[in-house]
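*Asks:* Mind looking over this structure? Questions follow.
Each reported figure results from applying straightforward, stated rules to the coordinates on display, with no laboratory input. These figures come from a predicted structure and were not determined experimentally. Glycine also receives a Cβ, built like all others from the backbone with ideal geometry; neighbour counts cover every protein chain displayed.
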Amino acid sequence: MAVAAVALVSSMPASAQFFMKSKDLTGTVVRGDEPGIAMALPGATDAERRAGLTWTLRAALNVAALQCQFEPTLLTVDNYNAILTDHRAELKDSYDTLTKYFQRTNKAPKAGQGALDQFGTKTYSSFNAVASQYNFCQSAGEIGRLALYAPRGSFGVIAQERMRQLRNSLTPWGEQQFPRSFHAGARVPRLDKQCWSGKGEWQAKKCGVLDFPPPVASVAVAQR
């Protein structure tokens, strides 16, 4: 049995810290203006759209550095800090491009700065992973390692290739190697006024013998 267990584990793909086999969350390459990928930038040029996507990935890894410290082997803090240093020029260029976009699309400098701040706040908030922290932290850790070893100037390319995965990770999924399901049966009595007396007693003559709690259809919930 021990040999069989070792063989089973060794045959599984190298997964993460949380599941024997994780859900495949990878997705297609994005431009940055697809619904649900990054905050909308109406009228943006191609360069401005790429800057928005690049800055969105930086924000996501920043969120991971804050939220994923419960699993130190992910190295989300160390990797994020190293990314800021290694990809400093590209990140600065992205921020400067976004700043100019909001200055261009707003009448006053103060309004432009406010719109930029709002963009940042909404971007950070969009990576709320309360219900799927394991998936998000695992994906962010993987992408952070990839970005750490990527050539300078290619952080935006990683954002195009991996942002769909990060967004997919915000949906809760559980163990995939040994999927399970459970049945939760809800059982409630009839609550019609005619079935109960003023003293809260069941009126069998009006509503029949009380089978409490009466069975209703069970609902199967798949493992996610």
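*Asks:* Enumerate the aspartates and glutamates that residue 110 could reach by cross-link, defined here as Cα to Cα under 18 Å, with residues fewer than 8 away along the same chain left out.
*Replies:* Result set, ordered by chain and number: 96.
*Asks:* Follow-up question, since we're still on this one. Using 0.36 nm per residue, how much length does the chain from residue 73 to residue 47 gain when fully extended, once their Cα-Cα distance is taken away?
*Replies:* That pair, residue 73 and residue 47, stretches by 5.8 nm at full extension.
*Asks:* What's the ranking of 85-92, 104-111 by average number of surrounding C-beta atoms within 10 Å, highest first?
*Replies:* Values: 85-92: 14.8, 104-111: 11.4.
Result, highest mean Cβ count within 10 Å first: 85-92, 104-111.
*Asks:* Excluding residues on the same chain fewer than 8 positions from residue 193, give the lysines whose Cα lies under 26 Å from its Cα.
*Replies:* Straight-distance partners of residue 193: 205, 206.
*Asks:* What are the ³J(HN,Hα) values, in whole Hz, obtained from phi via the Karplus relation 6.51 cos²θ - 1.76 cosθ + 1.60 with θ = phi - 60°, for each residue of segment 60-67 in sequence order, with x given for Gly and Pro?
*Replies:* 4, 5, 5, 4, 4, 4, 7, 8
*Asks:* Based on the alpha-carbon gyration tensor of segment 48-113 and its eigenvalue square roots a ≥ b ≥ c, which shape applies: rounded if a/c is under 1.5, prolate if not and a/b is larger than b/c, or oblate? The partial results should precede the final answer.
*Replies:* Details: a/c = 3.41, a/b = 2.31, b/c = 1.47.
Since a/c reaches 1.5 and a/b is larger than b/c, the shape of segment 48-113 is classed as prolate.
*Asks:* What ranking, highest mean first, results for peptides 74-84, 50-60 when packing means the other Cβ atoms within 10 Å averaged over each residue? Provide the component values of the computation, followed by the final result.
*Replies:* On the way: 74-84: 18.2, 50-60: 24.1.
So the peptides 74-84, 50-60, ranked by packing, come out 50-60, 74-84.
*Asks:* Moving on to the next point. Between residue 40 and residue 124, what is 0.36 nm times their sequence separation minus the Cα-Cα distance? Round to one decimal in nm. Don't skip to the end; give the middle numbers.
*Replies:* Values: separation 84, 0.36 × 84 = 30.24 nm, distance 1.40 nm.
Here the answer is 28.8 nm.
*Asks:* Give me, ordered by chain and number, the residues 5 or more places off residue 196 or on other chains with an amide H under 5 Å from its own placed amide H.
*Replies:* Answer set, sorted by chain and number: 203.
*Asks:* At R0 = 35 Å, how high is the FRET efficiency between residue 82 and residue 108 if r is their beta carbon distance? Nearest 0.05 is fine.
*Replies:* Values: r = 38 Å, r/R0 = 1.08.
Approximately 0.40, to the nearest 0.05.
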